[in-house]
Amino acid sequence: MYIFTQRIPFVGTEKNGQVFMNYFSFFFFLYRVVFRPAKTPKALHRNVSNLHANEGQMLYHKYPSFAHISSNVSKDQTLVVFSVEEALLKSSSLFPYFMLVAFEAGGLLRAFLLFVLYPFLCLVSEEMGLNIMVFVCFFGIKTKSFRVGSAVLPKFFLEDVALETLEMLKKGGKKVGFSNIPRVMVESFLRDYLGIDCVVGREMKVFGGYFLGVMEEKKRSKDALETIIGSLAGLGSYRDVIGISSFKESLQYHLSSHCNVIFLVRRADKRSWQHVPREEYMKPLIFHDGRLAFIPTPLATLTMFMWLPFGFTLSIIRAIIALILPHKLSVPILAYTGFQLSLSSDPSLENLNITRKTKGRLYVCNHRTLLDPLYLSFSLQKDLAAVTYSLSRLSELLAPIKTVRLTRDRDRDGKMMGKLLNQGDLVVCPEGTTCREPYLLRFSPLFTEMSDNIVPVAMDSHVSMFYGTTAGGMKCLDPLFFITNPRPSYNVQVLAGVSGVQSCADNSETLRFDVANHVQSEIGKALGFSCTRLTRRDKYLILAGNEGTVNKH
């Protein structure tokens, strides 16, 4: 295994060098503090009332009673009503979620404006601070193009869900979620990933197909909540109506009118809650979009804005090095700039029978970013050709290796790949699109017919600040965002070769899929990823609302 992680010393005048090193050291100090797992998330300004529960027909409990009551509930006879911010999410701060909306839907300038206003948000009342964040994030955003609520936010909401509350919801029957933030931010997360039956949130005012940045009156959502609870509880089929809220007077009347058991959660209770492990998600999180790879707390956002000027300059330097210098020079120099690249190769690969006089070697990779073929070329230190589906024209022009665009016509693409293999080694990503999470999409079986010298390659990438892939954004910026990360990394594993179906007498459709599934399985085992039957079409329907036809920039 070859691991390149060298660092390059700063070259320049003594004075400028000292200034640079001070800035660099301060940034990485913040970087290490911000991007390590937070133990006690800080809350945006919140007021907790001194409400004291009255004893009567209703039973008021604190958080530790969850386990006691959840073991006695009947799923068919229980209605659970809960507050999303106060009872489901572990963190009490709403700022990171609105920062995600500002950055992903509005852009960098809108995100910077929200960040500048953060100190003011801490000084005003909770309701006023919420209204300001809503206005900054939503004003002028087109309603049809707003997909942050379904494509971006679910990932971050799931990572903030409290395990204790989720266990309670799993054992309940009908579930009603109430939120004080715009419904477009939470509805997809609650319905699609937690199976919540009814979602009540603040509605946004719209004019001419654009958000005005103003929410409907709070009273309307409260009335809607009471109507839903009343209609469900009035059916008479629910023996237990359980409410989960906080010590805030605003919800007590609506819950006490219908619930026979109410849990009141304090901020101190949240600190002892646990995060939900990925394997216990009610629905696996496979697809998500957006550029930010971290939860944008105020400190993390400050670190990002401090890094951006230096990171953009560094990304240009990295791109120039990769484009101009040969592999033997570019790889170690890129390692000095923060890139981490590791390569491991199966020993049996050297003994693989390859007829180089007729055809080259076909490398079959899973797809993490558009830079997969480039990093394989760097790792092997040899020139490769790559076939792509949706690479932008700009990326094709800047690519340091040969790239050929596929047409998605089976016969034409097969002939094209065969021609390229006759000229040398070829790289193909049969998933057809990238996947960020530890899952593999279905492999298209076309590659199995192209060669009998197939080499599976397991690839994994890691970023800490920006994702280098997108489904609904500008694909031409994907490589730029990836190399803007402080320490992007790639792990390349070249696995044992397999035979295709080209020389098989029984070149049947079933055999083609068997070989494709076998290659997918071997790559999944090497990476520890789960194999799925999902396709590129499934990804784009979920994230972009189309079947994969996106604008090419």
(Q) Looking only at the stretch 227-269, how many residues end up being closer than 23 Å to Ser91 by Cβ, open to solvent by less than 50 Å² (accessible area, probe 1.4 Å), at pLDDT 65 or above and in a helix (DSSP H, G or I)? (A) 2
Q: Enumerate the pairs (first residue in the stretch 323-336 and without any contact (Cβ under 8 Å) to a residue 24 or more places away in the chain; second residue anywhere and small (Gly, Ala, Ser)) with beta-carbon separation below 9 Å, excluding pairs fewer than 6 apart on the same chain, so at least 6 apart or on different chains.
A: Ile324/Ser330
Q: May I ask you to list pairs of residues, at least six apart or on different chains, whose Cβ atoms are under 7 Å apart, with the first in the stretch 365-380 being over 13 Å from Gln493 (Cα atoms) and the second being assigned to a helix (DSSP H, G or I) and modelled with pLDDT of 90 or more?
A: Thr369/Asp478; Thr369/Phe482; Leu370/Asp478; Leu370/Pro479; Leu371/Pro479; Leu371/Phe482
Q. Does Met417 count as in contact with a helix residue (DSSP H, G or I) (Cβ under 8 Å, 6 or more places away or on another chain) and open to solvent by less than 10 Å² (accessible area, probe 1.4 Å)?
A. yes
Q: Answer yes if at least one residue in the stretch 389-402 is β-branched (Val, Ile, Thr) and either open to solvent by 10 Å² or more (accessible area, probe 1.4 Å) or at positive phi (or both), and no otherwise.
A: yes
Q | Residue list for the stretch 471-489, restricted to those being assigned to a loop (DSSP other than H, G, I, E, B) and crowded, with 21+ Cβ neighbours inside 10 Å | A | Ala471, Asn485, Pro488
Q. Take the residues of the stretch 506-535 that are not hydroxyl-bearing (Ser, Thr, Tyr) and not in a helix (DSSP H, G or I): which is most open to solvent (accessible area, probe 1.4 Å)?
A. Arg533
Q) For the stretch 290-328, what are the residues that are under 30 Å from Ser92 (Cα atoms), touching a helix residue (DSSP H, G or I) at 6+ places or on another chain (Cβ under 9 Å) and open to solvent by 20 Å² or more (accessible area, probe 1.4 Å)? A) Arg291, Ile295, Thr297, Pro298, Leu299, Leu302, Phe305, Met306, Leu308
Q: Keeping to the stretch 426-445, report how many residues are open to solvent by 20 Å² or more (accessible area, probe 1.4 Å) and touching a Leu at 6+ places or on another chain (Cβ under 9 Å).
A: 3
Q.
Can you confirm whether Met185 is free of Cβ contacts under 8 Å to residues at least 12 places away in the same chain, in a helix (DSSP H, G or I) and over 14 Å from Phe82 (Cβ atoms)?
A. no
(Q) Given the criteria of a type in the set (Gly, Ala, Ser) and at positive phi, does Gly473 qualify? (A) no
Q. Is it the case that Arg278 is charged (D, E, K, R) and either over 29 Å from Gln423 (Cβ atoms) or free of Cβ contacts under 8 Å to residues at least 24 places away in the same chain (or both)?
A. yes
Q.
List pairs: first residue in the stretch 96-117 and touching a residue at least 24 places away in the same chain (Cβ under 8 Å) and among the basic types (Lys, Arg), second residue part of a helix (DSSP H, G or I) and open to solvent by 10 Å² or more (accessible area, probe 1.4 Å) anywhere in the structure, Cβ distance under 9 angstrom, at least six positions apart or on different chains.
A. Arg110/Phe103; Arg110/Val136
**Q.** Residue in the stretch 90-103 that is of a type outside the set (A, V, I, L, M, F, W, C), open to solvent by 40 Å² or more (accessible area, probe 1.4 Å) and within 24 Å of Glu159 (Cα to Cα) present
**A.** no
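The values are calculated or read from the model by the stated rules, or taken from the named source; none is laboratory data. All values derive from a computational prediction rather than experimental measurement. Cβ: placed from backbone, ideal geometry, glycine included. Neighbour counts: every protein chain shown. In case anyone asks, the SASA skips ligands and DNA or RNA and just uses the protein heavy atoms, side chains included. Shrake-Rupley method; radii C 1.70, N 1.55, O 1.52, S 1.80 Å.
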